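Enquirer: I am attaching a structure below and will ask some questions about it afterwards.
The values are calculated or read from the model by the stated rules, or taken from the named source; none is laboratory data. Quick caveat, the model's predicted, so the values are computed rather than measured. As a convention, Cβ positions derive from the backbone with ideal geometry for all residues, glycine included, and neighbour counts pool all protein chains shown.
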Amino acid sequence: MSRIVTLTTDWGIKDAYVAIFKAMIWQSNPQVNIVDITHQIVPFNLSMAAFQVRQSIPFFPDNTIHIVGVEHISENQNVQYNRWLRSKGAEKDFYFTDYVAFRIYNQYFMCQNNGLIRLLVQDDDIEEIVLLENAYDKSLRHGAFSALDYYASAAARLACDGVKLQDIGKPYEMSFVQTVLNTQAIATPDNNTIIAQVKHIDTYGNVITNLHKSYFEKIAQGRRKFKFSFANSDEVVISQISKGYQKMVSRIGQTNSNIFFVFGVSGYLEIGYRNSNLAQHYGLENADIMSGNFSFTFLDD
């Protein structure tokens, strides 16, 4: 029985890249079941890619293979990218042109070692990791589309029964795993206010923040009501967490508000606007990811 392979990329759906990649896998293993998570990641946006994959992981069976094709950096971009990584707090040594495969959560992942690994798995221990080699003897047979050279053949093999990571790559040093800054929601010293940022904007214009339910509850300490505001707006909303998209408890002054707050399937706080688009309401786009401060100040019930 062949394993499932998922694809998460910034390749878009306008061009034939996704179809070509799938065709390359099926040439080697026509039994593979390929599932598209999304191909509309904002180009080079590692945080957005990691979010989409992380919220999907729990719904896939053991031994699923997740390919994340985001942020290929060519050799002539190394110097400029090194400087950018250092400005974001990255480690001094860089291996972001390495293509790797690793196992964690009883599932497999393939991506570049460009900071995405730690965004995907945070501080969990990776069970095993290998370096993927170019399937075409180091030559870039497919030019700029190097994902074909590194992922397609490896994924097709790994999807076969009995094939293990060591069969598709060489052992890789965990010390090489690249880290980049991962912004998290943070509370003020008095634990009365949480500051969060945009993590993702979905198709409906709902804003998913980087505020996780566990952290919210830790700071809230049983307090339910809060005052919400967005840094670029004078609007102040008094609300509490809803149980679903149709449940609203928000007010602006003495007027009911259509803005709602709910913890989504990912566990992160979503902010929406019933029957409308919250992102448009605040002038936000996915290009604004990890920006635009939202504040939640707890009030006595």
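Enquirer: Inspect all residues belonging to segment 139-146 and state whether any of them is at pLDDT 85 or above and not basic (Lys, Arg). Walk me through how you get there before you give the answer.
Expert: Initial filter on segment 139-146 (at pLDDT 85 or above): none.
No, segment 139-146 has no match at all.
Enquirer: Would you mind stating whether Ile13 is touching a strand residue (DSSP E or B) at 6+ places or on another chain (Cβ under 7 Å) and of a type in the set (A, V, I, L, M)?
Expert: Considered against the rule, which asks whether it is touching a strand residue (DSSP E or B) at 6+ places or on another chain (Cβ under 7 Å) and of a type in the set (A, V, I, L, M), Ile13 comes out as no.
Enquirer: Please go through segment 210-242 and give me each residue that is over 16 Å from Glu270 (Cβ atoms) and of a type in the set (Lys, Arg), ordered by number. Reasoning before the result, please.
Expert: Residues of segment 210-242 that are over 16 Å from Glu270 (Cβ atoms), as a first pass: 218-225, 227, 229, 231-236, 238.
Within segment 210-242, Lys218, Arg223, Arg224, Lys225, Lys227 meet the criteria.
Enquirer: Something else about it: Would you check if there is a residue in segment 34-55 being of a type in the set (Phe, Trp, Tyr), assigned by TED's automatic domain parsing to the domain that holds Met110, within 18 Å of Ala154 (Cβ to Cβ) and buried (at least 21 other Cβ atoms within 10 Å of the Cβ)?
Expert: No, because not a single residue in segment 34-55 is of a type in the set (Phe, Trp, Tyr), assigned by TED's automatic domain parsing to the domain that holds Met110, within 18 Å of Ala154 (Cβ to Cβ) and buried (at least 21 other Cβ atoms within 10 Å of the Cβ).
Enquirer: Just to be sure before I move on: is Arg54 basic (Lys, Arg), modelled with pLDDT of 85 or more and part of a strand (DSSP E or B) in the structure I sent?
Expert: Here the answer is no, as Arg54 does not meet what is asked.
Enquirer: Here is a follow-up. Taking Asn63 as meeting all but one of (1) over 26 Å from Gln184 (Cβ atoms); (2) in a helix (DSSP H, G or I); (3) at pLDDT 65 or above, write down the number of the exception.
Expert: (2)
Enquirer: I'm trying to understand the selection: among the residues of segment 147-157, which are surrounded by fewer than 24 Cβ atoms within 10 Å (Cβ to Cβ) and more than 23 Å from the chain's Cα centre (by Cα)?
Expert: Hits for segment 147-157 are Asp149, Ser153, Arg157.
Enquirer: Also, quick follow-up: For segment 1-51, how many residues are assigned to a helix (DSSP H, G or I) and of a type in the set (Ser, Thr, Tyr)?
Expert: Initially, segment 1-51 is screened for residues assigned to a helix (DSSP H, G or I), giving 17-28, 46-51.
Subsequent filtering for residues that are of a type in the set (Ser, Thr, Tyr) retains 17, 28, 47.
So the answer is 3.
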